[in-house]
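Asker: One structure, pasted below without further comment.
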Amino acid sequence: MSKTRVLDGKVKKNNYGVHNIQYLFVLLHKIKRSNHSLFMKKILLFSIISLCAFFVNAQYRAAFVIDKNTCQYVVPNSEKNYYVFNFEGESQSSLYNKALMAITKTYVSAKDVVTKVENSMISINSNKTISYMIGGILPTSNYVNYVLEFEFKDGRMKVNAPTIVQIRNKDGEPGRTRDFLINGKGELAQGSELYLFVNDIINNILNNMRSSSNDDW
């Protein structure tokens, strides 16, 4: 069975996650030698081990953010605007087919949103309704047209940064992406985190692909 991991330098050029884990292990060593009570040491050790698990797990997931200058998705702390995930022992065609199957499980009518180049690339062009409250009392919605793109090679899948094609208001009228995402101070507006739904979709597809690698029925 294949094991899945993220190719380090492809995701975060500065290896930020690796440095965090190294720092946590230093803290573990210091706590072990400290004068804290046994109970306190157990609490601190449990907390740090939980953080280690969090950082390791984060390396296996897409975590795009919105750049306030371009109003598009980017990979944080990286010059590369994509993630590359490694599926050891999987051929290009196998990954392509597993991705298609995972996308079919994710979307109600995948055939209507998918464009593909056989064994090479899959593009998803779909829409998402973003619902939120104005001032905490008035419900409203925006409609986002977005694109996801996956590319395949033997043992690797590249996930390009999603693209926001267009955002429309509750009346279906299109507007500038910046007007929906940026506030008057030039910062990301409250509620802009709702647009990170793309990470949930991508990670759901990844999880389905990994599950199918271990699904021996």
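Asker: Most exposed first by the Cβ proxy, i.e. fewest other Cβ within 10 Å, how do THR163, THR70 rank?
Answerer: Sorted ascending by nearby Cβ count, the order is THR70, THR163.
Asker: ASN127: net charge of surrounding residues, Cβ under 12 Å, Lys/Arg +1, Asp/Glu -1, itself excluded?
Answerer: Every neighbour counted, the sum reads +1.
Asker: So, in nm, how far is label LYS116 from label SER78 when the simple model puts each one 7 Å beyond its Cα toward the Cβ?
Answerer: Roughly 2.5 nm, to one decimal.
Asker: Taking the alpha-carbon set of region 112-155, what are its Rg and Dmax in Å?
Answerer: 16.5, 51
Asker: Count the net charge of all other residues whose Cβ sits under 15 Å from the Cβ of SER93, scoring Lys and Arg as +1 and Asp and Glu as -1.
Answerer: 0
Asker: Near the amide H of GLN166, under 5 Å away, which other amide H atoms are found, from residues 5 or more places off or on another chain, if H is placed in the peptide plane?
Answerer: For GLN166, the qualifying residues are ASN145.
Asker: Continuing with the same structure: Taking θ as phi - 60°, what are the ³J(HN,Hα) couplings along region 99-107 by the Karplus curve (6.51, -1.76, 1.60), each to the nearest whole Hz, with x for Gly and Pro?
Answerer: Coupling constants for region 99-107: 5, 4, 5, 5, 5, 4, 6, 8, 9 Hz.
Asker: At a 10 Å Cβ-Cβ cut-off, how would you order ILE130, ILE124, fewest neighbours first?
Answerer: ILE130, ILE124
Asker: For region 141-179 and region 96-115, compute the distance between their C-alpha centroids and round to whole Å.
Answerer: Cα centres, region 141-179 to region 96-115: 16 Å.
Coordinate-derived values only; no laboratory data. A quick note: this is a predicted structure, and the numbers were derived from the prediction, not measured. Using ideal geometry, Cβ is built from the backbone for each residue, glycine included, and neighbour counts are taken over all protein chains shown.
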